[in-house]
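The values are calculated or read from the model by the stated rules, or taken from the named source; none is laboratory data. Quick caveat, the model's predicted, so the values are computed rather than measured. Cβ sites come from the backbone with ideal geometry, for glycine too, and all protein chains shown count toward neighbours.
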Amino acid sequence: MSDNETTSASPPSPQSESPSAAPAATADAVVSTDQVKAALRRVKDPELNLNIVDLGLIYDIFVDGTMVKIDMSLTSPGCPSGPEIMTHAEREVRNIPGVTEVYVTLVWSPPWTPDRIEPRVKAYLGF
């Protein structure tokens with residue numbers, strides 16, 4: 001693995017997935033980046049109690065039909081909540097109607113800094 005890609009969570013195999021784990025995809029289902037962002041806003045950093053989008057932890061979202069790829073980071077490489085946050089992010093995106101595959105990749109370049117936090121959240125936090 002490269003320095004930029006340290007962890008990748010790929011979707012479970014169809015045999016291990018429960019029938020209710022992912023909504024059924026339809027031929028007309030179109031997944032948008034905005035839908036993915038909305039789902040990711042439901043994922044909070046448990047230490048800061050702020051969502052990962054507003055914290056600037058989401059670096060990139062790529063949607064190709066029913067497949068979604070997310071590049072994200074954490075506030076620090078030693079973040080003890082990292083696995084929990086990534087699992088929750090994958091679960092929330094997988095629950096979007098039409099999504100059949102979700103790949104969450106943890107990246108460290110560029111490193112996360114408080115500059116990535118949304119301006120309104122910075123103001124709330126007193127930055």
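A few notes on this one:
- Taking region 99-124 as the range and being touching a Leu at 6+ places or on another chain (Cβ under 8 Å) and among the aliphatic types (A, V, I, L, M) as the test, the residues that pass are 106, 117, 121.
- Within region 90-110, not a single residue is under 30 Å from residue 30 (Cα atoms), in a loop (DSSP other than H, G, I, E, B), free of Cβ contacts under 8 Å to residues at least 40 places away in the same chain and touching a helix residue (DSSP H, G or I) at 6+ places or on another chain (Cβ under 9 Å).
- Qualifying residues in region 55-86 (those that are closer than 11 Å to residue 33 by Cβ and of a type outside the set (D, E, K, R)) - the one surrounded by the fewest Cβ atoms within 10 Å (Cβ to Cβ): 62
- Here residue 86 fulfils each of the conditions (1) over 18 Å from residue 107 (Cβ atoms); (2) in contact (Cβ under 8 Å) with a residue 40 or more places away in the chain; (3) not in a loop (DSSP other than H, G, I, E, B); (4) not basic (Lys, Arg) apart from (1).
- Cβ-Cβ under 9 Å pairs, at least 6 apart or on other chains, region 30-51 side part of a strand (DSSP E or B), far side of a type in the set (Ser, Thr, Tyr): 45/75; 45/81; 50/124
- In region 58-77, the residues that are in contact with a strand residue (DSSP E or B) (Cβ under 6 Å, 6 or more places away or on another chain) and under 21 Å from residue 101 (Cβ atoms): 58, 59, 60, 61, 62, 67, 68, 69, 70, 71, 72
- Residue match in region 59-74 (condition: closer than 22 Å to residue 114 by Cβ and touching a Gly at 6+ places or on another chain (Cβ under 9 Å)): yes
- Hey, residue 30 closer than 15 Å to residue 103 by Cα and either at pLDDT 95 or above or more than 11 Å from the chain's Cα centre (by Cα) (or both) or not: no
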